[in-house]
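Every read-out reported here was derived from the displayed coordinates using simple, explicitly stated rules and does not represent laboratory data. In this text the structure is predicted, and so the values were computed from the model without any measurement. Methodologically, a virtual Cβ is constructed for each residue, glycine included, from the backbone with ideal geometry; neighbour enumeration extends over all protein chains shown.
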Amino acid sequence: MSTGTTLDSAPGGVFADAGTGSEGLDRYRFIHDAVRSAMDSLMNESMSRATWKECALLIEQISHQIARGQVHAADQFVDIATREAAAGIGSRLRTTSPEEELAAHLGVSKSEIRRRLGVAEGLRDRLDGYGESLGSRLPLVADVFMNGDMSLLAASTMVREINKAATVADGVEGVDVEATREGMEAALVGAHKTGGCPLVNTVAKNWLNRLNTPDMKPTEEIKRQFQGLH
C-alpha cells in the first residue's frame with residue numbers, strides 16, 4: 001500500500017526512461033548541453049519586465065526539477081558505494097567516505113551532500129516486515145518536492161525541523177510523536193504554499209517553541225541535537 005509520492009514513486013520515476021549505463025549518461029549530457037545553450041541565449045535576450053518575471057519563474061521551476069535529481073543521484077551513489085564497501089568490492093585502501101568522495105567529485109561541501117541525503121532519508125518509501133510499501137514518513141512534503149513544486153532549501157528545512165520536533169515531542173509526556181509529525185508537516189507545507197521559505201521557518205519555530213515546555217524531559221538525544229534550545 002502506497003501513501004504518497006516518494007523518491008521511488010514520483011510520476012514516471014525520477015529518471016523516467018533514462019536508460020542504463022553510458023546510454024543514460026549520454027541523455028543527461030545532451031540535457032546539460034541543451035540547458036547550457038539556453039542559458040547562453042538568455043544572456044542576450046531583451047524582454048519586458050513582465051516577461052522577465054515569468055522567465056525567472058520558469059527557471060526557478062527548472063531548478064526544482066534539477067533538485068529532485070540531485071537528491072536522488074546522491075542517495076543512489078552513497079547507497080551503492082556503502083553496499084559495495086560492505087561486500088568488499090573496490091579498493092580496501094579507500095579512506096574517504098562515500099559522502100566525501102561525492103562531495104569532492106561535485107566540488108561541493110560535505111554538508112551539502114548531507115543535506116541532500118537528509119531529504120532523501122526523510123522522503124524515502126518505507127517498507128513493512130513483509131516488504132509492502134508504507135509510503136514516505138513525510139508524504140505531503142514528498143508529493144510537493146517530487147513533483148518539482150518545492151526547492152531543495154524548502155524541503156531540507158522541513159525535513160530537518162520536523163525531525164527536531166519529533167525528537168522534542170518524544171521527550172514531552174503526553175505528546176503524540178506521530179500526531180506532532182503529521183500536524184507540523186501539514187502546517188509547513190501550507191506555509192510554503194502561501195509564504196515560501198520565510199514563512200516555513202517562522203511556522204517551524206512556533207511549533208518548536210510550543211513543544212519546548214517545562215515538561216520536556218532532557219533525554220540524551222535532545223541534549224545531543226538541541227544544545228542551546230532552551
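The packing ranking of peptides 83-89, 40-46, highest mean first, is 83-89, 40-46, where packing means the average number of other beta carbon atoms within 10 angstrom of each residue.
Computed over neighbours whose Cβ is under 12 Å from that of GLU178, the net charge equals -2, Lys and Arg +1, Asp and Glu -1.
Label-to-label distance for ASN212 and THR96 is 3.8 nm, based on points extended 7 Å past Cα in the beta-carbon direction. Under 5 Å from the amide H of ASP125 lie the amide H atoms of LEU7, ASP8, each residue being 5 or more positions distant or on a separate chain, with H modelled from the backbone and absent for Pro and chain starts. Could you tell me which of the pairs LYS164/LYS193; LYS53/LYS193; LYS53/LYS205 are separated by over 29 angstrom between their Cα atoms in the structure shown? LYS53/LYS205, as the Cα separations exceed 29 Å there.
Just the number, please: Stokes-Einstein D of the stretch 127-189 in µm²/s, Kirkwood Rh from C-alpha pairs, 4 °C, 1.567 mPa s.
Details: Rh = 12.6 Å.
In µm²/s, the coefficient rounds to 102.
Once you list every other residue whose beta carbon is under 14 Å from the beta carbon of VAL144, what net charge do they have if Lys and Arg are +1 and Asp and Glu are -1?
That sum, taken over residues with Cβ under 14 Å, equals -1.
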